[in-house]
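Just below is one structure, and these are the notes that go with it.
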Amino acid sequence: MNIFHSIETFRTQQKTIVTIGTFDGVHIGHQKIIEKLLDNAKNTNYKSVILTFFPHPRMVLQEHSEIKLLNTIHERAELLEQTGLDNLIIHPFDKKFSRLTAEEFVKNILVDQLKINKIVIGYDHRFGRNRTANIEDLILFGEKYDFEVEQISAQEIEEVSISSTKIRNALQEGDVVLANAYLGYPYFLSGIVKEGKQLGRTIGFPTANLIIEENYKLIPKNGVYIVKSMLHDNTVYGIMNIGTNPTVNGEKQSIEVYYLDFDLNLYNQKIKISILKYIRAEEKFESLALLQQQLEKDKATAIAFINTL
């Protein structure tokens, strides 16, 4: 897959089949739309293109937007690459771009720059300055500039919308199993391992302290989870705590993972943590000894679950 970081850098001599969207989560609803795009491209020998934007338009157009996304932009690109897509354009969204008229967007970008042959798009798609143009306008532009418009049905668009909402709600409630069912893969966090307070080491549970720089990434509900990572080409399972470490009067949220049967140094490495199951809420214990006892129980719970996989 070719990745372009602006529309202007995209170059092609071939006609393209295009879809546009956020594709946050690249969940099973999105995957159906991408399949439709890829089928179109395969049957015509044209190249498939997804045009997406970063930052998310709401981050730019709504002051103090607190939108949380299922993927960082790098995670989204990684997931889209797995679909077999030919080209991904991640265009920087800004206020200037938002002021393009509908026809400027179609003529200058879709037709002149992307060499569009066909667009696969939702029946409710709106575009252009103040989102004033709709699918009927797009069909008229298609007739004017000689490209096809294939509408994605109301049912399929509703599936995408319901899936996104359900995934976010499920993660915020700790229902990882439901979220993963809608995603079609385990929800994951990725970041750099940094040195923490190393309290876990003193009670036999050394943890990797994950730092996620992107503050727009949705972090699941505080609590303890069963997780897995690929570390040094091996699948390694563990237990992760998301929370403030109340037993030692912590205040800031942290993400810490204790890996089973793994004790190599991970400092300053980028790791990906796939979340499999929620075990329990975070608790405040009267002593580190009681916390240690609970962690032993969590470990036993995790091992029992892993043995069922």
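The values are calculated or read from the model by the stated rules, or taken from the named source; none is laboratory data. The model shown is predicted, which means the values in this text are computed figures rather than measured ones. Note: ideal-geometry Cβ built from the backbone for every residue, glycine included; neighbour counts use all protein chains shown. Each accessible area value is taken on the protein alone, full model and side chains, heavy atoms only, with ligands, DNA and RNA left out. Shrake-Rupley method; radii C 1.70, N 1.55, O 1.52, S 1.80 Å.
To keep it simple, each residue is scored yes or no on (1) under 22 Å from residue 61 (Cα atoms); (2) over 16 Å from the mean Cα position of the chain (by Cα); (3) at pLDDT 95 or above.
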residue: 87; (1), (2), (3): no, yes, yes
residue: 113; (1), (2), (3): no, yes, yes
residue: 117; (1), (2), (3): no, yes, yes
residue: 163; (1), (2), (3): no, no, no
residue: 172; (1), (2), (3): no, no, yes
residue: 194; (1), (2), (3): no, yes, no
Problem - Qualifying residue in the range 71-79 (condition: over 25 Å from residue 154 (Cα atoms) and open to solvent by 50 Å² or more (accessible area, probe 1.4 Å)) - result: yes
Exercise for the section: Looking only at the range 236-253, decide whether some residue is farther than 25 Å from residue 175 by Cα and among the β-branched types (Val, Ile, Thr). Expected result: yes
Handout entry: Within the range 144-160, considering residues that are within 17 Å of residue 34 (Cβ to Cβ) and in contact with a Gly (Cβ under 8 Å, 6 or more places away or on another chain), the one most open to solvent (accessible area, probe 1.4 Å)
Key = 151
Completion exercise
Residues of the range 29-53 being open to solvent by 60 Å² or more (accessible area, probe 1.4 Å) and touching a strand residue (DSSP E or B) at 6+ places or on another chain (Cβ under 6 Å), in sequence order, are 46, 47
Exercise for the section: Enumerate the pairs (first residue in the range 116-143 and over 23 Å from residue 34 (Cα atoms) and among the polar types (S, T, N, Q); second residue anywhere and modelled with pLDDT of 95 or more and not in a loop (DSSP other than H, G, I, E, B)) with beta-carbon separation below 8 Å, excluding pairs fewer than 6 apart on the same chain, so at least 6 apart or on different chains. Expected result: 132/102
Handout entry: Residue in the range 246-288 that is modelled with the lowest pLDDT, counting only those that are open to solvent by 30 Å² or more (accessible area, probe 1.4 Å), in a loop (DSSP other than H, G, I, E, B) and under 18 Å from residue 303 (Cα atoms)
Key = 263
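Residue 26: part of a strand (DSSP E or B) and open to solvent by less than 30 Å² (accessible area, probe 1.4 Å), yes or no?
It is false that residue 26 is part of a strand (DSSP E or B) and open to solvent by less than 30 Å² (accessible area, probe 1.4 Å).
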Practice task
Give just the number: which of (1) of a type outside the set (A, V, I, L, M); (2) in contact with a helix residue (DSSP H, G or I) (Cβ under 9 Å, 6 or more places away or on another chain); (3) assigned to a helix (DSSP H, G or I); (4) open to solvent by 20 Å² or more (accessible area, probe 1.4 Å) does residue 214 not satisfy?
Solution key: (3)
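Going by the conditions given, is residue 17 buried (at least 18 other Cβ atoms within 10 Å of the Cβ), in a helix (DSSP H, G or I) and modelled with pLDDT of 95 or more? Please lay out each step first, then the result.
Values: buried (at least 18 other Cβ atoms within 10 Å of the Cβ): yes; in a helix (DSSP H, G or I): no; modelled with pLDDT of 95 or more: yes.
No, not satisfied.
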Practice task
Output yes when any residue across the range 188-205 is of a type in the set (S, T, N, Q) and closer than 12 Å to residue 273 by Cβ, and no when none is.
Solution key: yes
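One line per residue, one yes/no per condition, for (1) modelled with pLDDT under 95; (2) among the small types (Gly, Ala, Ser):
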| site | (1), (2) |
| --- | --- |
| 2 | no, no |
| 9 | no, no |
| 13 | yes, no |
| 22 | yes, no |
| 26 | no, no |
| 29 | yes, yes |
| 45 | yes, no |
| 49 | no, no |
| 56 | yes, no |
